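Q: Shown below is the structure under consideration.
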Amino acid sequence: MNESCVVQTYTSKSFDIVNPTTETIVIRDIAHSLFLKCRFGGHSTCFYSVAQHSLLVADLLYNLGEKPIYGLLHDAAEAYVGDMSRPFRHLLQRKYKCDIGEVENNILKKLYEKIDVPFPNADDWKMVKLADNMALYMEANIFLNKLIKEWKFELTKEEMETARSLTDSRKLLPLLPLDAENMFMGEFKNLTGIRRTWL
C-alpha cells in the first residue's frame, strides 16, 4: 500500500509530502510559507523568517563564487514539512533512524525538475552547507539572546571570519514578512528567468 501525506498549500494545491509531483510544486507556495516561518523555532528576539535566511544564504554563496539559486532554495522543502531545529533533526536521525532529509530531498528533486535547474551535486551541497552554517552563525549572534554553551556552529575560526567579512550587515535587518516574500520571489525570478510563479 502506498503511503500518502497530503497538505493544502497557499494556492490550494493538494501536496503529497511522500509522493511530490512537479504539478503540485508552486514557487509562490514556497515563498509564502517560508516568509511566515520564524527562524530558531520562534525563540529569536524579533521575527526573522526562513525566507530572509534563504536570501542570506544565496547572497553568501554568490560572494563565495558559487551558485546562489541553491542557497535560495536550500530550505524550500520546509514549506511543506516545516522548519525543524537542528538538535531535534539530529535526534530523529540518531535515536529513531528517521531521516527527514530523505523526504526533503525528494521534494527538492521535483522542484529542480520543475524549474529545469540541475539538482545540486555533492560539491554544491558542501558549499550550501558552508554558507548555511555561516548564515546561522551570523544570525544566532544577532537574533538570539546570550548564546548557550551547547551551540556548535560547525565552522573554523577562519570560516567565522569569512562569514563576518562576506555578510552585508544590511541583509540582517529584519524584513517585514511580506517584504521577505517579495524579495524571495524577485531573487527567484532574477536567478531563473521564470516569471510565471503561480504554476
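Values quoted throughout were computed directly from the atomic coordinates according to the rules given, and no laboratory measurement underlies them. Source: prediction; values computed, not measured. Cβ coordinates were reconstructed from backbone atoms using ideal geometry, including for glycine residues, and neighbour counts include every protein chain displayed.
Q: Under the rule of at least 5 residues apart or a separate chain, name every residue whose amide H is placed under 5 Å from the amide H of residue 49.
A: The list, which skips near neighbours in sequence, is 39, 175.
Q: Where in the chain lies the longest segment free of trypsin sites (Lys or Arg not before Pro) that are both loop residues by DSSP (not H, G, I, E, B) and have at most 12 other Cβ atoms within 10 Å?
A: Numbers: sites that count: 97, 146, 149, 152, 195, 196.
By the stated rule (loop sites, at most 12 other Cβ atoms within 10 Å), 1-96.
Q: Between the alpha-carbon centers of the stretch 101-133 and the stretch 41-91, tell me the distance in whole angstrom.
A: Result: 12 Å between the Cα centres.
Q: Same structure, new question: When the Karplus curve 6.51 cos²θ - 1.76 cosθ + 1.60 is applied with θ = phi - 60°, which whole-Hz ³J(HN,Hα) does each residue of the stretch 38-44 get, with x for Gly and Pro?
A: 8, 5, 6, x, x, 8, 7
Q: Based on the alpha-carbon gyration tensor of the stretch 6-192 and its eigenvalue square roots a ≥ b ≥ c, which shape applies: rounded if a/c is under 1.5, prolate if not and a/b is larger than b/c, or oblate?
A: It is rounded, given that a/c, with a ≥ b ≥ c, falls under 1.5.
Q: Then there is this: For the chain, modelled as a GNM with alpha-carbon contacts under 10 angstrom, which of 107, 148, 30 fluctuates the most?
A: Ranking 107, 148, 30 by mean-square fluctuation puts 148 first.
Q: Using a Gaussian network model of the chain with C-alpha springs under 10 Å, which one of 14, 169, 44 is most mobile by mean-square fluctuation?
A: Most flexible of the set in this elastic network: 169.
Q: Now a separate question. Taking the Cα centre of the stretch 66-181 as origin, sum charge times position over the Cβ atoms of Lys and Arg (+1) and Asp and Glu (-1), and report the length of that vector in debye to the nearest 20. Don't skip to the end; give the middle numbers.
A: Working: 18 positive and 21 negative charges, 104 e Å.
Dipole magnitude for the stretch 66-181 comes out near 500 debye.
Q: From the phi angles alone, apply the Karplus equation (6.51, -1.76, 1.60; θ = phi - 60°) to the stretch 79-94 and give each ³J(HN,Hα) in whole Hz, x where the residue is Gly or Pro.
A: Per-residue couplings from phi come out as 4, 10, 9, x, 9, 10, 5, 4, x, 5, 4, 5, 4, 4, 5, 6 Hz.
Q: Also, I was wondering about something else. With axes computed from alpha carbons, what is the tilt in degrees of helix 50-63 against the longest principal axis of the chain, rounded to the nearest 10 within 0 to 90?
A: Once rounded, the angle reads 70 degrees.
Q: Hey, another quick one. For the chain, set up a Gaussian network in which alpha carbons nearer than 10 Å are linked by springs, and say which option among 185, 134, 160 fluctuates the most.
A: Comparing 185, 134, 160 in a Gaussian network model of the chain, the most mobile one is 160.
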